[in-house]
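Below is one structure, written out as structure tokens; comments come after it.
The values are calculated or read from the model by the stated rules, or taken from the named source; none is laboratory data. These numbers were taken from a predicted model, which means no experiment stands behind them. Note that we place each Cβ from the backbone using ideal geometry, even for glycine, and neighbour counts take in every protein chain shown. Note: areas computed on protein heavy atoms with side chains; ligands, DNA, RNA excluded. Shrake-Rupley method; radii C 1.70, N 1.55, O 1.52, S 1.80 Å.
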Amino acid sequence: MTRTENFVADAVLRSVEELYGKLDAGQLQIQKTRREFDGDYTLVVFPLLRRSRKSPEATAAEIGEHVVAHTPEIRSYNVIKGFLNLSLDGSFWQARFAEIAADEAFGRAASTGRTVMIEYSSPNTNKPLHLGHVRNNLLGYSVARILEANGHTVIKANLVNDRGIHICKSMLAWKLYGGGETPASSGMKGDHLVGKYYVEFDKHYKEQVKELVASGRSEEEAKKEAPIMREAQEMLRRWEARDPEVYALWETMNGWVYEGFNVTYKALGVDFDKVYYESQTYLLGKNIVEEGLQKGVFYRRPDNSVWIDLTADGLDEKLLLRGDGTSVYMTQDLGTAFRRFEDNRLDEMIYVVGNEQNYHFQVLKLILKKLGYDWSDHIFHLSYGMVELPEGKMKSREGTVVDADDLIADMVRTAREMSDELGKLDGCTADEADAVSRMVGLGALKYFILKVDPKKTMLFDPRESIDFNGNTGPFIQYTHARIRSMLRKASEAGIAIDGPATASYCPEEIELVKLLSEYPATVAAAGENFAPSLVAAYAYDLSKQFNGYYHDHQILRESDAEVRRMRLQLAAQVARIISRAMALLGIDVPERM
């Protein structure tokens, strides 16, 4: 419950118990009044009828009269069938607003003492970040900020998948066809250069498979026997054996990729407290597999591969080590999970990974549980759907996925074009225009992605996301800039803003205060559900409500100094909470636009 809901609930409880005696838990049901009815909060009367022995309407009226008579802050009531709607007095909302304005930590909970790690990004070092990574990074970073606002100690973690057959494919293709090309010699970002050779490997692999099929091999045989695939598998074995030549090439090419990733992370505005590397945890995972074999949790097949049989749990059999001794994703995930809980004393571990891995995490938790790790119950998979784009939008360099760097550049460019068209950059210097365009472009991207429930597959339209009207990031950013501009004009005109504001509130001002007062509860709900979309919806509702109020009421031109002071103070708090809400989404808001 919000602080206001608690106040109303306490007042109603006192009246009900004075009228009908002490209540059992759960008999008092209070909720926000629906918009089509007059009132702030509603008591559901039906659970109380056995006590009152009266009709729903009579019971509601009796309680309403008692509450209004004994609680000055509740000014009136009305009854709709079995529902008692209560309206709070304007003086209550003025007092509530004063508390909000005075509370520097408004919307931030006290420390819970709980430590939560959230893993997001988790890229492979064989290609650049793409649109799916963008949703992953924005979601993970926002959830981390929301959990921090809820009083948790949060460790933002990245697991880099820096080893495995897919990495060897890029390495081998560069060795065979690269001619010594480097990021410096090519002018390409390192991650893009390495991704180029991953595509090159696939091209030659398909050609070899086609030739083998033409010579009489089955497609399955051809895929296994293709010389370039055999070479890549041999390179992986040499890497695990720490062959100096292979290891040196691996370090060099991964270094190129990390430099490229860091540029993209900086552009997205995300960061990490800890970075884990699969190359550093897969050996621990192998040790855990050996322990599982000794405990009888796993078993070894004749080809020397190691498996776990989960058919009794309604799942299937899962590979943990290949016959040649090389590890798989599950191997390193076991090692990484163990290392994290042992090193950080975590209360919870959240994995932000796409919904195509739902089964993987179901199996991971179950294996850890069978190995005797009770902390497996504190692993949560924050699953999200794919991001799709309209046909023909922003084709990537590879022609198969939407490149994150291309997407960011396109968003900033589109923001600049649309802002210029609408005159939003008039009066800005070149540097200011660049800064606002980047802020609006990235704000549009982040908001459009985060306003959607993570579980849903979403369609992302870049131009629609930059609309300055409707449920978009730029609309909210412009609302903040409009308020800040108004406050600057007030200051330049010598209009006093500080000090007690004694003017009475009109209904629209009460509605704004009510919405402001709901911010902490929104943040709490977003934290409980790992749902930035709740914060996004709140920021939009607050912005929309303020814009309607701004359109209908004079603020700077108000002749009554006390009313003007009150309205400017109210606007200032709206801007403050918009800024805080958007910060939880990783979005900056401009001071001017």
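Points 7 angstrom from Cα along the Cβ direction at N358 and R230: gap in nanometres?
4.1
Net charge near K156: determine it from the other residues with C-beta under 13 Å of the C-beta of K156, scoring Lys and Arg +1 and Asp and Glu -1.
-1
Once fully extended, how much extra length lies between R339 and T182, figured as 0.36 nm per residue of separation less the alpha-carbon to alpha-carbon distance?
Values: separation 157, 0.36 × 157 = 56.52 nm, distance 3.48 nm.
Answer, rounded to one decimal: 53.0 nm.
Given only helices, namely DSSP H runs of n ≥ 4 each adding -39500 (n - 2.57), what is the per-residue ellipticity at 222 nm of the chain, to the nearest 500 deg cm²/dmol?
Details: 22 runs with 334 residues, N = 593.
For the chain, the value works out to -18500 deg cm²/dmol.
Considering only DSSP beta bridges where both residues belong to the chain, give the percentage that are antiparallel (nearest 5).
Numbers: 22 of 44 bridges.
The answer is about 50 percent antiparallel.
Which FRET efficiency value, to the nearest 0.05, do you get for A435 and N287 by plugging their Cβ-Cβ distance into 1/(1 + (r/R0)^6) with R0 = 56 Å? All intermediate terms of the calculation are to be shown ahead of the outcome.
Values: r = 50 Å, r/R0 = 0.90.
Using R0 = 56 Å, I get an efficiency of 0.65.
Check cross-link reach from K489 to the aspartates and glutamates: straight Cα distance under 13 Å, and skip same-chain residues fewer than eight apart.
Reachable aspartates and glutamates: E591.
Please give the FRET efficiency for S91 paired with D453, using the beta carbon to beta carbon distance and R0 = 41 Å, rounded to the nearest 0.05. Write out the running numbers ahead of the final one.
On the way: r = 39 Å, r/R0 = 0.95.
The pair S91/D453 has a calculated efficiency of 0.60.
How large is the charge dipole for the range 397-533, taken about the Cα centre, if only the Cβ atoms of Lys, Arg (+1) and Asp, Glu (-1) carry charge, to the nearest 20 debye?
Working: 15 positive and 23 negative charges, 50 e Å.
The dipole magnitude comes to about 240 debye.
Heavy atoms only, probe 1.4 Å: what % of the accessible area of the chain goes to carbon and sulfur, would you let me know? All intermediate terms of the calculation are to be shown ahead of the outcome.
Values: 12930 of 26780 Å².
Answer for the chain: carbon and sulfur cover 48 percent of the accessible area.
Tilt of helix 519-529 relative to the longest C-alpha principal axis of the chain, in degrees (0 to 90, nearest 10)?
30
Could you tell me the relative contact order of the range 144-215? Use alpha-carbon pairs under 8 Å, at least six residues apart, and round to a whole percent. The partial results should precede the final answer.
Numbers: 33 pairs, mean separation 20.0, N = 72.
Relative CO of the range 144-215 lands at 28 percent.
Size of the dipole of the range 206-350 about the Cα centre, Lys and Arg at +1 and Asp and Glu at -1 on the beta carbon, nothing else charged, in debye to 20?
On the way: 20 positive and 29 negative charges, 31 e Å.
Rounded to the nearest 20 debye, it is 140 debye.
Rolling a 1.4 angstrom probe over the protein heavy atoms, how many square angstrom per residue are accessible across the range 528-593?
Details: 2640 Å² over 66 residues.
On a per-residue basis, 40 Å².
Please identify the longest segment of the chain free of exposed GluC sites (Glu not before Pro), where exposed means a DSSP state other than H, G, I, E or B and no more than 11 other Cβ atoms within 10 Å. All intermediate terms of the calculation are to be shown ahead of the outcome.
Numbers: sites that count: E36, E104, E391.
With a cap of 11 other Cβ atoms within 10 Å, the longest stretch comes to 105-390.
Among the chymotrypsin sites (Phe, Trp or Tyr not before Pro) in the range 1-98, which ones are in a DSSP loop with at most 15 other Cβ atoms within 10 Å of the Cβ? Mind listing them?
Details: sites: F7, Y20, F37, Y41, Y77, F83, F92, W93, F97; in loops: F37.
Sparse-neighbourhood loop chymotrypsin sites (Phe, Trp or Tyr not before Pro): F37.
Which value, in debye to the nearest 20, gives the size of the charge dipole of the chain about its Cα centre, when Lys and Arg are +1 and Asp and Glu are -1 at the Cβ?
On the way: 73 positive and 87 negative charges, 89 e Å.
Its charge dipole is roughly 420 debye.
How high is the FRET efficiency between A241 and R301 when r is their beta carbon distance and R₀ equals 25 Å, given to the nearest 0.05? Could you put the intermediate results ahead of the total?
On the way: r = 23 Å, r/R0 = 0.91.
Working from the Cβ atoms, E equals 0.65.
Loop-only check: which trypsin sites (Lys or Arg not before Pro) in the range 40-98 are DSSP coil with at most 12 other Cβ within 10 angstrom? Before the final figure, lay out each step's value.
On the way: sites: R50, R51, R53, K54, R75, K81, R96; in loops: R53, K54, K81.
Those satisfying the criteria are R53, K81.
So for each of 306-312, 366-372 I average, over its residues, the number of other beta carbons within 10 Å; can you give me the resulting order with the highest mean first? Mind dumping the intermediate values first?
Details: 306-312: 14.9, 366-372: 17.4.
Peptide ranking by packing, descending: 366-372, 306-312.
Too long at a 32 Å Cα-Cα cut-off: which of K369/K455; K22/K514; K156/K203; K456/K514; K424/K446? Walk me through the numbers before you get to the answer.
Working: K369/K455 26 Å; K22/K514 30 Å; K156/K203 37 Å; K456/K514 30 Å; K424/K446 20 Å.
In this structure, K156/K203 exceed 32 Å between Cα atoms.
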